[in-house]
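Below is one structure; the comments refer to it alone.
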There are 2 protein chains.
Amino acid sequence: MLAKIKAARDTLRKSEQKVADVVIADPEQSVQSSIQSIATLASVSEPTVIRFCRALDCVGFQQFKLKLAQDLARRGTFFYQDVTVDDSSKVLANKLLDGAIASLVQIRDQINEDQLDRAIALYEACERVELYGSGGSAVVAEDAQLKFFRLGKPAIAYSDPHIQHASAALLDKNALVIAISHSGRSSDILKTVEIARQSQAKVISVTATRSPLAQVSDVALTVDVNEDSDIFSPVKSRLGQMVVLDVLAVGVAVRGGDHMLEQLARARRAIDFKFV
Amino acid sequence: MLAKIKAARDTLRKSEQKVADVVIADPEQSVQSSIQSIATLASVSEPTVIRFCRALDCVGFQQFKLKLAQDLARRGTFFYQDVTVDDSSKVLANKLLDGAIASLVQIRDQINEDQLDRAIALYEACERVELYGSGGSAVVAEDAQLKFFRLGKPAIAYSDPHIQHASAALLDKNALVIAISHSGRSSDILKTVEIARQSQAKVISVTATRSPLAQVSDVALTVDVNEDSDIFSPVKSRLGQMVVLDVLAVGVAVRGGDHMLEQLARARRAIDFKFV
DNA sequence: TACCGGTTTGTAGTAATATTACATAATGAA
DNA sequence: TTCATTATGTAATATTACTACAAACCGGTA
């Protein structure tokens, strides 16, 4: 939740940002406050606070507080810690793994059931899937391709933006695009999605809450993680994206009933399990 | 908090016990309820619910709910659960994410510091790195390539077994191979590693404990996860492998001192963060 | 610059919810 | 039974969250 607030903060309206700042500054306090006191602290009106909560996918202030409280409670178990040069390997490994675990916990608590259901419906309605991801997200797109093409419809991943553009232009209304981007701000992916939409294709995005990419998609599966401590690339969001896509694929498979699940299980055992 | 309720339950007044019972019966629900609905469910009056909260050392109902919510959040016991066809999307997502989290916890607790240190030393001693992974592990190898080539030495990932063979044959004693395989039993990867060793290259494997691949490697970074509930491909081991390689790369970076860390952080912000 | 359409924000009122004060009912001991 | 004590509910009140609407703001156009 806190990560979500931080991620969404810049896309919020001016006065909602003030609210975000107050909450970020002292979440422990906010969780015990009433709308009134938060509104006063942020020097905005009370409805603004409510609008802020709604912008974060909460039905109201109460739910917002609850989610935030749970978020804070969990930070005790696994939390982000920056690595330092005098950490031993063991300490280092623990810090990094704790951070990764914490981000998955966060994602778990942010899953938007509604969007997920709609994403599953989009897959069921489509005839083929194209996965677009560049840079680090290319890896995620490829991984997802492996999953999706076992579900019975053609699935292909492209990582080169030019090829993405070309391919997107050739789609039709029976195509489903899954666009993967950590920030959701890369002009390449936005352009690609725009082209895809002109071709009438449906678009699911796997990206940050309220990012430009999320806003131009039919369905947005959001992945917000605290990236502060990632040194190389956003590993945590990568993990999150992979898991979210796994959830989507399994969700589709499950709709296919026991029969499909069993078949997939057999396929998995035959192909990957022994040899990869 | 829940434990507290259970413990205190018998010392409470009759009608307060009714409240305790409905809370214990479904804490997740209670946390989202108003006094009214809890009072109705327990067939007591609203003030009784408040008295119940006070008996548990809370100043009011709100605080009670907050504490309970945090308690529920903290019961962060994540375990594997098989998905079933009648799971809602939400339940499904939670099961899958819990499974993924549990596997990372397991990996964290299994990290072998000694092997990790030796792996770091091997990287420091080498002149170039080749990453081999096929099928699902190809994705991991590519991801790792992105990390390693920022560390200052050439790094390249191959996913095609034939090309792996050819490339391995051209290595020398200054090359480091990182071989990634879930099972560590694929004949392709074993053959590749055998060739690499004949070329005098060093080999780090990221694979299952005591697998054939682990046994023929100079250093084995082991990733063992419970795969029973993975439908498509071993997502969990994929996540684990990625994190373990992140640990290795960060470990190397940290040995480079503050200077290197800072440089990498800058590079990350410039490249990925805004655009991917 | 003045005006228009749309968006953002605040004001004021309403509904819901928690809390208090008090009255009634239950319980138990003499 | 009767009184004292405790437990529980009723009804009023205060607080808090939320809604509808109006004012202010902003960016573009004439």
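Per-residue answers, yes or no, for (1) at pLDDT 90 or above; (2) within 16 Å of DNA strand D (Cβ to nearest atom):
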position: B:Q29; (1), (2): no, no
position: B:I38; (1), (2): yes, yes
position: B:S43; (1), (2): no, yes
position: B:D71; (1), (2): no, no
position: B:R75; (1), (2): no, no
position: B:F78; (1), (2): no, no
position: B:D82; (1), (2): no, no
position: B:S88; (1), (2): no, no
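If you check B:V19 against the conditions, is it within 16 Å of DNA strand D (Cβ to nearest atom) and open to solvent by less than 40 Å² (accessible area, probe 1.4 Å)? Before you say what the answer is, go through the steps one by one.
Numbers: within 16 Å of DNA strand D (Cβ to nearest atom): yes; open to solvent by less than 40 Å² (accessible area, probe 1.4 Å): yes.
When the stated conditions are applied, B:V19 passes them.
Residue under question is A:K147, and the condition is that it be in contact with a Leu (Cβ under 9 Å, 6 or more places away or on another chain), at the interface with chain B (Cβ under 8 Å from one of its Cβ atoms), surrounded by fewer than 17 Cβ atoms within 10 Å (Cβ to Cβ) and assigned to a helix (DSSP H, G or I); does it hold? Walk me through how you get there before you give the answer.
Numbers: in contact with a Leu (Cβ under 9 Å, 6 or more places away or on another chain): yes; at the interface with chain B (Cβ under 8 Å from one of its Cβ atoms): yes; surrounded by fewer than 17 Cβ atoms within 10 Å (Cβ to Cβ): no; assigned to a helix (DSSP H, G or I): yes.
No; evaluated as a whole, the condition is false for this residue.
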(message) Against the conditions (1) modelled with pLDDT of 85 or more; (2) at the interface with chain B (Cβ under 9 Å from one of its Cβ atoms), where does A:F64 fall short? Just the number, please.
(response) (2)
(request) Just one of (1) more than 10 Å from every other protein chain (Cβ to nearest Cβ); (2) surrounded by fewer than 18 Cβ atoms within 10 Å (Cβ to Cβ) trips up B:R74, so point out which. (result) (1)
(message) Among the numbered criteria (1) away from chain A (no Cβ under 14 Å); (2) within 14 Å of DNA strand D (Cβ to nearest atom); (3) open to solvent by 40 Å² or more (accessible area, probe 1.4 Å), which one does B:A25 miss?
(response) (2)
(request) Could you check how many residues of the range B:79-110 are open to solvent by less than 30 Å² (accessible area, probe 1.4 Å) and part of a loop (DSSP other than H, G, I, E, B)? (result) 2
(message) Which numbered condition in (1) within 16 Å of DNA strand C (Cβ to nearest atom); (2) at the interface with chain B (Cβ under 9 Å from one of its Cβ atoms); (3) among the small types (G, A, S) is the only one that A:A100 fails?
(response) (1)
(message) Looking only at the range B:111-143, count every residue that is open to solvent by 10 Å² or more (accessible area, probe 1.4 Å) and among the hydroxyl-bearing types (S, T, Y) and tell me the total.
(response) 1
(message) What pairs come out if I take residues in the range B:177-188 that are closer than 17 Å to B:L221 by Cβ and at the interface with chain A (Cβ under 9 Å from one of its Cβ atoms) and pair them with residues that are basic (K, R) and open to solvent by less than 10 Å² (accessible area, probe 1.4 Å) whose C-beta lies under 9 Å away, six or more apart or interchain?
(response) B:H182/B:R238
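The rows are residues; the columns are (1) within 7 Å of DNA strand C (Cβ to nearest atom); (2) farther than 18 Å from A:L66 by Cβ; (3) surrounded by fewer than 15 Cβ atoms within 10 Å (Cβ to Cβ).
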| site | (1), (2), (3) |
| --- | --- |
| B:V44 | no, yes, no |
| B:V49 | no, no, no |
| B:C53 | yes, no, no |
| B:D57 | no, yes, yes |
| B:F61 | yes, no, no |
| B:L68 | no, no, no |
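Among the residues that make up the range A:131-142, is at least one of them more than 9 Å from every other protein chain (Cβ to nearest Cβ) and modelled with pLDDT under 95?
Filtering the range A:131-142 down to residues more than 9 Å from every other protein chain (Cβ to nearest Cβ) leaves A:131-132, A:141.
Filter once more, keeping what is modelled with pLDDT under 95: none.
Checked against the condition, which is being more than 9 Å from every other protein chain (Cβ to nearest Cβ) and modelled with pLDDT under 95, the range A:131-142 yields no hits at all.
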(request) Return the total of residues in the range A:99-116 being touching a residue at least 60 places away in the same chain (Cβ under 8 Å) and β-branched (V, I, T). (result) 2
(message) So A:K4 ticks every box in (1) crowded, with 20+ Cβ neighbours inside 10 Å; (2) within 16 Å of DNA strand D (Cβ to nearest atom) but one. Which box is left unticked?
(response) (2)
(message) Give all pairs with beta carbons closer than 8 Å in which a residue from the range A:13-25 that is touching a residue at least 40 places away in the same chain (Cβ under 8 Å) meets a residue that is of a type in the set (S, T, Y); count only pairs at least 6 apart in sequence or on separate chains.
(response) A:V23/A:S30
(message) Which of the numbered conditions does B:S43 fail, given that it passes all the others? Conditions: (1) assigned to a loop (DSSP other than H, G, I, E, B); (2) within 26 Å of the chain's Cα centre (by Cα); (3) more than 8 Å from chain A (Cβ to nearest Cβ).
(response) (2)
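What do you reckon, is B:L245 closer than 26 Å to A:N94 by Cβ, in contact with a strand residue (DSSP E or B) (Cβ under 6 Å, 6 or more places away or on another chain), at pLDDT 95 or above and open to solvent by less than 10 Å² (accessible area, probe 1.4 Å)?
Numbers: closer than 26 Å to A:N94 by Cβ: yes; in contact with a strand residue (DSSP E or B) (Cβ under 6 Å, 6 or more places away or on another chain): no; at pLDDT 95 or above: yes; open to solvent by less than 10 Å² (accessible area, probe 1.4 Å): yes.
No; evaluated as a whole, the condition is false for this residue.
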(request) Scan B:S37, B:S15 and give me the residue that is in a helix (DSSP H, G or I), within 8 Å of DNA strand C (Cβ to nearest atom) and farther than 13 Å from B:K65 by Cα. (result) B:S37
(message) Restricting to the range B:192-226, give me the number of residues that are of a type in the set (D, E, K, R) and open to solvent by less than 10 Å² (accessible area, probe 1.4 Å).
(response) 0
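The values are calculated or read from the model by the stated rules, or taken from the named source; none is laboratory data. Just so it is clear, the model here is predicted, and its values are computed rather than measured. Because the Cβ atoms are built from the backbone with ideal geometry, glycine has one as well, and the counts that use them run over all protein chains shown. With ligands, DNA and RNA removed, areas are computed over all heavy atoms of the protein, side chains included. Shrake-Rupley method; radii C 1.70, N 1.55, O 1.52, S 1.80 Å.
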